[in-house]
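Read the figures in this text as sums done on the coordinates, not as results from a lab. All values derive from a computational prediction rather than experimental measurement. Here Cβ is always computed from backbone atoms with ideal geometry, including for glycine, and neighbour counts include all displayed protein chains.
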Amino acid sequence: MEHITDTPTLKAPAERFTGDVYLNMIETPTEPAHLAAALVRFTPGARTHWHSHALGQVLHITDGIGLVGTRDGDVIRVRAGETVKCPPNEEHWHGATDINLLAHIAIVTGDPTGDGTTWLERVTDEEYATALGK
């Protein structure tokens, strides 16, 4: 058993996120499971860039209201207690609404070299506005 008592809050990198996003790592990929998990907090208007995960991703919403969007234009509004499963290699983004915070636990399985995430271009303001229904 391992008891982890403190993980630092890190500011998410601007090359992967728009707006102010903060994360606390829960687990980093290690042998044998290669599980990565983090508590991710988005301020209003903040969001990930487009990305995909080789083995998929699970997002469990812990607080606030947010959006999860896919390349085909599908967007779902999520709230605390809900879970979204993104299948392997599906290009998607997720983040807060323009007036609400969002916090979620992001879970992925990777390999020894990383978490299996492919980061792509930013979600444009126009794409984000469309997702908001504006």
Quiz item: Which distance in nm do the two modelled labels at GLU31 and GLU127 give, with both placed 7 Å along the Cα-to-Cβ direction?
Solution: 3.8 nm
Quiz item: Over the chain, what number does the Rg to Rh ratio reach, with both radii from the alpha-carbon atoms and Rh per Kirkwood?
Solution: 0.96
Self-check item: Of THR62, THR30, THR48, the one that fluctuates the most in a GNM where the chain has Cα springs shorter than 10 Å
Solution: THR30
Quiz item: Relative contact order for the chain: what is it in percent, counting Cα pairs under 8 Å that are at least 6 residues apart?
Solution: 30 percent
Practice problem: May I ask you to derive the FRET efficiency for THR7 and ALA54 from their Cβ-Cβ distance with R0 = 30 Å, giving the value to the nearest 0.05? | Solution: 0.75
Quiz item: Among HIS34, VAL58, GLY116, whose Cα sits farthest toward the positive end of the charge dipole of the chain (+1 at Cβ of Lys/Arg, -1 at Cβ of Asp/Glu, about the Cα centre)?
Solution: VAL58
Practice problem: Determine, for LYS134, LYS85, the number of other Cβ atoms within 10 Å of each Cβ, and report the residues in order from fewest to most. | Solution: LYS134, LYS85
Quiz item: With a 10 Å Cβ neighbour count serving as the proxy for reagent exposure, in which order, fewest first, do ARG122, ARG71 appear?
Solution: ARG71, ARG122
